1. Determine if the stretch 28-38 includes at least one residue that is among the aromatic types (Phe, Trp, Tyr) and surrounded by fewer than 23 Cβ atoms within 10 Å (Cβ to Cβ).
2. Limited to the stretch 267-292, what total is found for residues that are buried (at least 17 other Cβ atoms within 10 Å of the Cβ) and part of a helix (DSSP H, G or I)?
3. Would you mention how many residues in the stretch 78-127 are part of a loop (DSSP other than H, G, I, E, B) and among the acidic types (Asp, Glu)?
4. Would you check if Arg143 is closer than 26 Å to Pro15 by Cβ, more than 14 Å from the chain's Cα centre (by Cα) and of a type in the set (Lys, Arg)?
5. Given the conditions (1) in a loop (DSSP other than H, G, I, E, B); (2) surrounded by 14 or more Cβ atoms within 10 Å (Cβ to Cβ); (3) not acidic (Asp, Glu), report the number of the one that Arg264 does not fulfil.
6. Here is a list: Thr66, Thr104. Which entry is within 19 Å of the chain's Cα centre (by Cα), of a type in the set (S, T, N, Q) and either at pLDDT 95 or above or not assigned by TED's automatic domain parsing to the domain that holds Ser154 (or both)?
7. If I filter the stretch 242-258 down to residues being under 28 Å from the mean Cα position of the chain (by Cα) and hydrophobic (A, V, I, L, M, F, W, C), which single residue comes out as modelled with the lowest pLDDT?
8. Consider the stretch 193-223. How many of its residues are surrounded by 12 or more Cβ atoms within 10 Å (Cβ to Cβ) and farther than 27 Å from Pro38 by Cβ?
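The values are calculated or read from the model by the stated rules, or taken from the named source; none is laboratory data. Worth saying up front: this structure is predicted, and the values here are computed from it rather than measured. Here the Cβ positions follow ideal geometry from the backbone for every residue, glycine too, while neighbour counts run over all protein chains shown.
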Amino acid sequence: MPYLTPTYLIHLNLPDMLPEALALAGQIIREGGLVAFPTETVYGLGANALDEQALARIFAAKERPTSDPIIAHVAYLEQVAELAQDIPPEAEALARVFWPGPLTLVLRKRLHVPDLLTAGQPTVAVRLPDHPIARAFIEAAERPIAAPSANRFSRPSPTRAEHVLYDLSGRVDVILDGGPTPIGLESTIVDFSQPDEPPRLLRLGGLPLEALRAHLPTLSLPVLRLNADQPAPAPGTLLKHYAPTAEVVLFRGQDEAALRRALRSAAEARLAQGQRLAALLPDGWVNWLTGLPIQVMAWGEDSAQRSARLFAALRELEQQPIDAILACAPPQVAHDGLDMAAWDRLLRAAEGRFHDV
């Protein structure tokens, strides 16, 4: 059990508050503390990436296994050289296209980079976030910032400061509240660490696959990891992840009529067993369960809305007295990069199980 510490929530809605808040947050990092901060993807739980004891506080606060590596965040491209060596020209070229932004690169690490950051592997994951508060915070800390998502391990990622407070109150020193995060899904991860092999896509995320393939046409979809016996190649790649307290039941298919029948039949069967249900459906499908005692939440009318709303919706639904959340993937999930990433998160929340209709 991590020790408890007072957690201060700083609302950054007034511009004149920002310099003082950033100075305080930077000092806390230099002294080995933890600061939760917004990025364009989700809120991160930040510590000095080169401080082993500070990194240990992250793992304790999240109750995260040390087999799961952490992404290091930098404020500018040149800072990557503090963490990585032998950076391939192809990786640097990709960074210059998509940084700052929701792209993480896995590179060969320098010897002084702590093993706790990298799960003992010879690689380090690095990204440059596209959020003004995140970059100003990293500059104020004067250190690269190790930052997994600011939530208890395997929970839905936080896209608002109140999500961080709910999961980590008493476990983090300061939360910088910058409002909702715009993308709502973690970064896309590409591995450039093997010099004799083509780059590998390790995690779908906020940078759509189709954008990456314009520069790396050979990228293929990542494979779900089945267990945590070995160090993870990248964060967020365990089979069970992003899970709310209620069971997640997924349905996927191209025929909307068949999907509707399967969803309604499953809902009726579970209700007959006395289960309490909620549903997360694309906007045009919210009437599919009309007449049943189920709270239905509209997920979003396009992929950008769905990615931004996903984790917040799961957290909102789990606050209700329910046993299961029924969810359907939109038909374009196999063709739209953000919908593919959202489906990946739902699939891990459901421990890899889904009904293919």
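1. No: the stretch 28-38 contains no residue that is among the aromatic types (Phe, Trp, Tyr) and surrounded by fewer than 23 Cβ atoms within 10 Å (Cβ to Cβ).
2. Residues of the stretch 267-292 that are buried (at least 17 other Cβ atoms within 10 Å of the Cβ), as a first pass: 267, 270, 277-282, 285, 288-289.
Checking the rest, the ones that are also part of a helix (DSSP H, G or I) come to 267, 270, 285, 288-289.
Count: 5.
3. Total meeting the criteria: 1.
4. Yes: the conditions hold for Arg143.
5. All conditions are met except number (1).
6. Being within 19 Å of the chain's Cα centre (by Cα), of a type in the set (S, T, N, Q) and either at pLDDT 95 or above or not assigned by TED's automatic domain parsing to the domain that holds Ser154 (or both) holds for just one of Thr66, Thr104, which is Thr104.
7. Filtering the stretch 242-258 for residues under 28 Å from the mean Cα position of the chain (by Cα) gives 242-254.
Restricting the remaining residues to those that are hydrophobic (A, V, I, L, M, F, W, C) gives 243, 246, 248-251.
Numbers: Ala243: 88, Ala246: 94, Val248: 96, Val249: 96, Leu250: 96, Phe251: 95.
Top of the filtered list is Ala243.
8. Start the filter on the stretch 193-223 by keeping residues that are surrounded by 12 or more Cβ atoms within 10 Å (Cβ to Cβ), which leaves 193-194, 198-213, 215-216, 219, 222.
Imposing the further condition that a residue be farther than 27 Å from Pro38 by Cβ reduces the set to 193-194, 198-200, 213, 215-216, 219.
Counting residues in the stretch 193-223 that are surrounded by 12 or more Cβ atoms within 10 Å (Cβ to Cβ) and farther than 27 Å from Pro38 by Cβ gives 9.
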